[in-house]
Structures are given as C-alpha cells and as structure tokens.
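The structure appears right after this line, and notes come after that.
Values in this text are rule-based calculations from the coordinates and carry no lab data. Values in this document were obtained by computation on a predicted structure and should not be read as measured data. Please note: Cβ atoms are built from the backbone with ideal geometry, for glycine as well, and neighbour counts cover all protein chains shown.
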C-alpha cells in the first residue's frame, strides 16, 4: 500500500528540504541549498500546487508516471495540482540540485493567468514527455526565475503580484515555444506516432470495437501509444493541424461514406456500427462535416 504525503502549501515542500519559503503562495527554490530528509516511510507525494523543476547536473533520480526516465542536464519537468510523484527510489544521501518554481492555484484566482492556465497543457504531460532545453533556452528560464525571485525578495508593494504573475506567464509562454521547437525536432518520431494512431483508429472501426464500446476517445489512443492525453492531443494538432478529437471524427465520417454505398445497410445500422448510441447523433455529425445528411449523401451518389 503506497504511503502518500500531501503537499498542500508551498511551505510544505520548502520546509521538507529545510529551505526558506519566500511567499506563502509562490516561491523560487534553489534545490542545491536543500537537504533531503533521508529515510522515510513515504513512497509518494501529491502536489496541490504547480511546480516546474529545472534539472541541473548529470543524473537525476526523480521518477514518476507510467515510465521511468533518466533526466539529463537541462530538462524541465512540469507538475500540476493533484499529480502524484513517486519518491520511493530516492537514495537516503540524495542531494537535490537545480531550481524550482512553485506557485499555488490560489495565487492565480481572479487573474488573467488563472483564466488561461488550462492552455498550458504540459502540466498534464507524463514524465517521459519532459521538455529538454538548450543552453540558450536555459538562460532564458533562469532569467525568468531570477526576476520572480527578486520580486519575492524585496519588500512587497501594490505592484508585486502583477509583476510576479507577468513573469510567470512570460516563462510559461517561453515553455510553449520551447515545446513547439521540441515537436519540430522530433518530426520523425512524431510522424510514426501519427501513423500508429491512424492504424489503431482504422483497426478500432473495422474490428467491431466501435459497435461494442462506442466512439473511441482521445485518451483511448493516447493510452495505446503510452502517452498522456494532453501531450498526444498537442502532438496531433501540431502534426495534422486539427485536434485529435476532430481527427477521430474525420476518420469516422470517412468510414461512414464508404458504408453508405452499401444498400443493404440502413443509416441506423451504420450509426451503431461506428459507435453512435443514437442514429440522430450520427446524422447530425455527418451533416456538420459533409453538408448533407447521410440519406441525402446516399441519394446524391
């Protein structure tokens, strides 16, 4: 039975490493100044705030999610509220290194950044989908961290929160750019994923799984490819120009067009075969995508 420790506040993380908490809701942490608590019966920790960790050094024992990952020097790991990190394999003499940006959802409430946080989908990526940055990108990250640290270290005034939020948003926008760059540099690998996705989708429709289990979800194919749903969705959008959900619907409509030419199949039978619970839902989607109802399309052809 895993023993999970909940990190509710930023201070829960900082005091655990014997580090100063710069602000109750946001902090920049120099991990090299921290001290690992050593032996403990805790096997995992659940974060209730956002964390971005910049790996520093040649090796790292941080492992979480479905796969183990040996993070190399110059890697950013993103953790969102509710995410669980496995710490059971960390050595008792482990010395942390690198930097961390920690900020609580309460710090974002009622702000512009709070309203757009869901667009930064990399907080829901799996561990093996971490962001690997160049030396030049690393300097940008450290500059953003330093600006936030300066604001936290000096006296708080009426401008402090706005400036801290602006710098966090600037940092996250840079990370979005860096991830776009990473998607581009992994084009061959990404195209292989898209091909496997398409093959898996075709097999799902042809083998009767749709009729048995319903229309497949984005998460279903992400799981098949051992990717998080958000990372998979972002990758599909980057490579195809449409969302993964749109791509699935496009392929379903393509299959429907082929089936409509079979006069022995009713429109309802086609709908059920493709995973629709109600034929009218199929007809509505078909008209939205094609411009005609299935029956009109059959008559036209």
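Here are a few things to note about the model shown:
- Legend: calculated FRET efficiency, residue 162 to residue 12, from the Cβ-Cβ distance at R0 = 30 Å, rounded to 0.05, equals 0.70.
- Size estimate for the chain follows the Kirkwood approach: the inverse of mean 1/r over distinct Cα pairs works out to 22.0 Å.
- Label-point separation in nm, residue 212 to residue 20, each point 7 Å along Cα→Cβ: 6.2
- Using alpha-carbon coordinates, inclination of helix 160-185 to the longest axis of the chain, degrees: 50
- Contact order relative to length of segment 82-205, as percent, for alpha carbon pairs under 8 angstrom and 6 or more apart: 24
- Within a Gaussian network of the chain (alpha carbon springs, distance under 10 Å), most fluctuating of 290, 77, 218: 290
- Between segment 99-152 and segment 249-300, the alpha-carbon center distance in angstrom: 44
- Our helix-only sum for the chain, with -39,500 (n - 2.57) per DSSP H run of n ≥ 4 divided by its residues, gives a mean residue ellipticity at 222 nm of -15000 deg cm²/dmol.
- For segment 124-262: relative contact order, % (alpha-carbon pairs under 8 angstrom, 6 or more apart): 28
- In the chain, Cα pairs under 8 Å separated by at least six residues give a relative contact order of 14 percent.
- Subtracting the Cα-Cα distance of residue 225 and residue 287 from their residue separation scaled by 0.36 nm leaves 19.2 nm.
- Between 0 and 90°, nearest 10: helix 279-290 axis offset from the chain longest Cα axis: 80
- Between 0 and 90°, nearest 10: helix 187-206 axis offset from the chain longest Cα axis: 40
- With a Förster radius of 25 Å applied to the beta-carbon distance between residue 195 and residue 258, the computed FRET efficiency rounds to 0.75.
- Taking 193, 156, 168 as the candidate residues, the one with maximal mean-square fluctuation in a Gaussian network model of the chain, Cα springs under 10 Å, is 156.
- Highest GNM mean-square fluctuation among 221, 276, 122, for the chain modelled with Cα contacts below 10 Å: 276.
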